[in-house]
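The values are calculated or read from the model by the stated rules, or taken from the named source; none is laboratory data. All values reported here derive from a predicted model rather than from experimental measurement. Every residue, glycine among them, receives a Cβ derived from its backbone with ideal geometry; neighbour counts consider all protein chains shown.
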Amino acid sequence: MTTFSAQIAGKVLGFAKPLHKRFRNQKIELFLSLIRADGGGGRLLDIGGGSGIDGEFLNLYKHFDEVAVVNLTPQPITAPTGVLLTTLVADGRNLPFDARSFDWVFSNAVIEHVGAWPQQQRFASEIRRVASHGYFVTTPNKFFPIEPHTMLPLYQFLPVPIQKKVAPFSPGYLRKYEEINLISRTQMKALFPEARILPIGFPVLGNSLIAYHLRSKSGSDQ
């Protein structure tokens with residue numbers, strides 16, 4: 001990347017960072033409203049998680065008694081005071097946990113990175129399997145015009161050979177080609193059929209989609 005390109009990228013990311021943080025905080029507040037409706041506390045599984053841009057996910061973790069964070073590679077995270085936090089190396093498509101072993105499962109912008117549709121189905125199935133009280137899964141909206149990893153307009157609709165050519169010119173977070181499979185609202189509903197699917201972020205269209213679900217007190221899906 002040239003010095004000029006790096007300057008442009010720096011300006012774009014500088015503009016995007018506060019928006020990114022604001023939209024993440026919107027997600028967290030919505031998730032916490034579900035937790036409060038369920039009585040709060042309990043055990044949380046965060047798949048593909050971490051502390052966030054400025055520790056915003058640590059503010060989420062402090063609302064739980066126990067938190068397990070799963071990633072494909074080790075992620076050192078400092079636990080909030082009073083929270084038992086465990087980090088594990090595991091694949092979200094094949095979780096090493098029993099059915100309904102966590103009260104809540106949370107995953108922010110991970111499902112688009114796990115592979116093609118069959119892999120996304122496995123990922124979604126595992127989330128639904130291990131969640132006892134409910135789950136909250138977010139992903140970028142495929143039909144939002146700006147692709148969030150590259151910050152390039154309509155990048156997600158380009159053929160892979162062209163994506164490989166234009167990715168190095170990205171002013172966003174992704175500077176080389178990586179397989180990313182963004183999901184539409186219809187696809188999100190197919191992956192999480194009992195969930196409510198909600199666009200969030202930018203007004204009207206929404207740059208992100210959320211699948212969230214709270215089981216009934218009897219343990220059945222509503």
Q: Being free of Cβ contacts under 8 Å to residues at least 60 places away in the same chain and in a strand (DSSP E or B) narrows it down to one of PRO203, PRO199, so name that one.
A: PRO199
**Q.** Leading residue by the ranking (farthest from ARG43 (Cα to Cα)) among those in segment 53-73 that are touching a strand residue (DSSP E or B) at 6+ places or on another chain (Cβ under 6 Å) and without any contact (Cβ under 8 Å) to a residue 40 or more places away in the chain
**A.** VAL70
Q) Do we have THR186 as farther than 24 Å from GLY49 by Cβ and free of Cβ contacts under 8 Å to residues at least 60 places away in the same chain here? A) yes
Q: Name the one entry in SER101, SER107 that is touching a helix residue (DSSP H, G or I) at 6+ places or on another chain (Cβ under 7 Å) and buried (at least 18 other Cβ atoms within 10 Å of the Cβ).
A: SER107
Q: Could you please let me know if ASN59 is closer than 21 Å to VAL114 by Cβ, out of contact with any Asp or Glu (no Cβ under 7 Å at 6 or more places or on another chain) and not acidic (Asp, Glu)?
A: no
Q: Please determine, by comparing only the residues of segment 1-42 that are assigned to a loop (DSSP other than H, G, I, E, B) and at pLDDT below 75, which one is surrounded by the most Cβ atoms within 10 Å (Cβ to Cβ).
A: MET1
Q | Matching residues in segment 60-78 - criterion: being under 18 Å from ILE35 (Cβ atoms), hydrophobic (A, V, I, L, M, F, W, C) and part of a loop (DSSP other than H, G, I, E, B) | A | PHE64
Q. Closer than 28 Å to ALA37 by Cα, of a type outside the set (D, E, K, R), touching a strand residue (DSSP E or B) at 6+ places or on another chain (Cβ under 8 Å) and not in a strand (DSSP E or B): does that describe ALA99?
A. no
Q: Would you mind telling me which numbered condition in (1) of a type outside the set (Phe, Trp, Tyr); (2) part of a helix (DSSP H, G or I); (3) without any contact (Cβ under 8 Å) to a residue 12 or more places away in the chain; (4) under 24 Å from PRO118 (Cβ atoms) PRO193 fails?
A: (2)
